[in-house]
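Take a look at the structure set out below.
No value in this document is a laboratory result; all are computed from the given coordinates. Computed from a predicted model, the values in this text were never measured in an experiment. Here Cβ is always computed from backbone atoms with ideal geometry, including for glycine, and neighbour counts include all displayed protein chains.
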Amino acid sequence: MTSPANDKPLPRNAASWAAKVDHLQVSAEQSAAGYNIQGRRVTGPQQGFGKLWQRTYSTNLGDAIDPKALIADWKLHFGDYWPDGATFHTAITGVAPGAVAPIGIDTGAGMTLATGILVLYADDESFTFMTPEGHMFAGMITFEAAAPDDGTLVEIKILIRTNDPLYELGWPVMRRREDTFWMATLANLAAHHGVPDAVVTESTTCVDRKRLWSNWGNVRHNAGIRSGLHMVTAPVRALRRSSGH
Amino acid sequence: MSEPVLAMDVRHPADGVAVIDIKGEVTAACETILMSAYDEANSRSAKLIILNFEGLDYMNSGGIGMLVTLLVRANRQHQQLAAYGLSDHYRQIFELTRLDEAIAIHDAESTALAAV
């Protein structure tokens, strides 16, 4: 197989990448949960606002499971390992390249923040999500497993900026919530595979202390604000539906 | 986490310009090699750094993340990043991840140099 325009052969992992899309589309089945990502663009770290952080959560599962089996299971049951308070609406295709999955996050204030992810890349050893406009973070999160020397090392690697100034103000709180969330996720994954006392470690590096003020206008997509508006206007939508509009 | 299968050479075809020839596989495991090449390119105060992907065999999402890190370092030094030699496949990955908004993509080295 070759690329049509320049005759270069496709790389061996070509099928692991999502096809290019300009705007995300959610399926009809996911539209109720995916209202904040329908039509949105993905945001890489360079499209975000706040400082750029590289964060890694790690645990070692020893010889409980080999890396490829772990990744296969993780892709199949991704949301099942999340702690309470967040919902991952898996696409029909599961965690597969190009899949779009809405996410609901309980904010603790009686509101569910609706956002989602695009599966940018998925192979036997790892998979990577990109975030859409309006998400708390702009960037990528990679889930991977390998057996470098002593057992199966599982890592979650995050490269993100907050997406807008409001999220940046909330970063100290969100950072702690991220820690709790991903450490619990890895602990759940480890326990499921027979390692109930897995030690999860975290490391954080600030890659870029500069904020990208040119992207302050991202706030117009803020999923927190839009989820709040969606909630308060729910009675109006219900009234319209019942009156046949 | 695996051993890098990558080689990088640095050339200086014009004043203020460095070209990094990338040959092999770009993954997160190659960070040390890429950053060493960047340091070498930077040693002559390059204002434009051009990444030559003609020899690229393979890149995964870890490689994209590494390019983001390189971009941050270049921006900090007020340097421009450009690229050429990308296959259609990887050009689309650059567009999908919106890296093309920060790294100018060219068809050939000559057009990248002409953009200085």
Open item on the list: What are the extents of the Cα atoms of region A:107-180 along their three principal axes, in Å, largest first?
Closed with: 43, 23, 22
Open item on the list: Quick one: 3J(HN,Hα) in Hz for region A:154-169, Karplus 6.51/-1.76/1.60 with θ = phi - 60°, rounded, Gly and Pro as x.
Closed with: 10, 9, 10, 10, 10, 10, 9, 10, 5, 7, 8, x, 5, 5, 5, 4
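Normalised radius of gyration for region A:1-142, please: alpha carbon Rg relative to 2.2 N^0.38 Å, two decimal places. Before the final figure, lay out each step's value.
Details: Rg = 16.4 Å, N = 142, 2.2 N^0.38 = 14.5 Å.
Compactness ratio reported: 1.14.
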Task: Per-selection Rg to Rh, the protein assembly as shown - Cα, Kirkwood hydrodynamic radius - done: 0.98
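With the Cα gyration tensor of region B:11-116 in hand, give its eigenvalues times 5 under a square root as the equivalent ellipsoid semi-axes, listed largest first in whole angstrom. The partial results should precede the final answer.
Working: eigenvalues 73, 49, 33 Å².
Working through the eigenvalues yields semi-axes of 19, 16, 13 Å.
Quickly estimate the mean residue ellipticity at 222 nm for chain A, helices only: each DSSP H run with n ≥ 4 gives -39500 (n - 2.57), and the total goes over all residues, rounded to 500. All intermediate terms of the calculation are to be shown ahead of the outcome.
Details: 5 runs with 56 residues, N = 245.
-7000 deg cm²/dmol, from helical runs alone.
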TODO: Would you give the gap between the C-alpha center of region A:80-98 and the C-alpha center of region B:41-90, rounded to a whole Å?
DONE: 33
- [ ] Would you tell me the mean number of C-beta atoms belonging to other protein chains that fall within 10 Å of each C-beta in A:204-213, as a whole number?
- [x] 2
Task: GNM top mover of A:Ala32, A:Ala19, A:Ala234 - chain A, alpha-carbon springs below 10 Å - done: A:Ala234
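Of all DSSP beta bridges located in the protein assembly as shown, what percent are antiparallel, nearest 5?
On the way: 55 of 72 bridges.
Approximately 75 percent, going by the DSSP bridge assignments.
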TODO: Mind telling me which of B:His78, B:His89, B:His106 comes out most flexible in a GNM of chain B, alpha-carbon contacts under 10 Å?
DONE: B:His89
- [ ] May I ask for the angle, rounded to the nearest 10°, between helix A:67-76 and the longest principal axis of chain A, with both axes built from Cα atoms and the value confined to 0 to 90°?
- [x] 20
Open item on the list: Compute a Gaussian network model of chain A, connecting alpha carbons closer than 10 Å, and tell me which residue from A:Glu144, A:Glu168, A:Glu178 fluctuates the most.
Closed with: A:Glu178
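For chain B, what is the percent of antiparallel DSSP beta bridges, rounded to the nearest 5? Walk me through the numbers before you get to the answer.
Numbers: 7 of 24 bridges.
Once the DSSP bridges in chain B are tallied, antiparallel ones form about 30 percent.
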- [ ] Within 10 Å of each Cβ in peptide A:141-151, how many partner chain Cβ atoms are there on average? Round it to a whole number, please.
- [x] 2
Task: Under-5 Å amide H pairs with A:Arg40, H placed in peptide plane, nonlocal only - done: A:Leu24
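At a 10 angstrom cut-off on C-beta neighbours, averaged per residue, how do the peptides A:181-188, A:50-57, A:10-17 rank from highest to lowest? Can you show the working numbers first?
On the way: A:181-188: 18.9, A:50-57: 20.5, A:10-17: 17.0.
Going from most to least packed, we get A:50-57, A:181-188, A:10-17.
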Open item on the list: Quick one: 3J(HN,Hα) in Hz for region B:77-89, Karplus 6.51/-1.76/1.60 with θ = phi - 60°, rounded, Gly and Pro as x.
Closed with: 8, 6, 9, 9, 10, 9, 9, 8, x, 6, 5, 4, 4
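Need one value for A:10-22: mean number of C-beta atoms belonging to other chains within 10 Å of its residues' C-beta atoms.
Numbers: counts 4, 10, 3, 6, 5, 0, 2, 10, 4, 3, 8, 3, 2.
So the per-residue partner count for this stretch is 5.
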Open item on the list: To test your reading of the geometry: what angle, between 0 and 90 degrees and rounded to tens, separates the Cα axis of helix A:171-192 from the longest principal axis of chain A?
Closed with: 50
TODO: Name the aspartates and glutamates eligible as straight-distance cross-link partners of A:Lys51: C-alpha to C-alpha under 18 Å, and not fewer than 8 places from it in the same chain.
DONE: A:Glu133, A:Asp164, A:Glu168, A:Glu178, A:Asp179, A:Asp208
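Region A:140-245: percent of C-alpha pairs farther apart than 21 Å? Walk me through the numbers before you get to the answer.
On the way: 3184 of 5565 pairs.
Of all Cα-Cα distances in region A:140-245, 57 percent exceed 21 Å.
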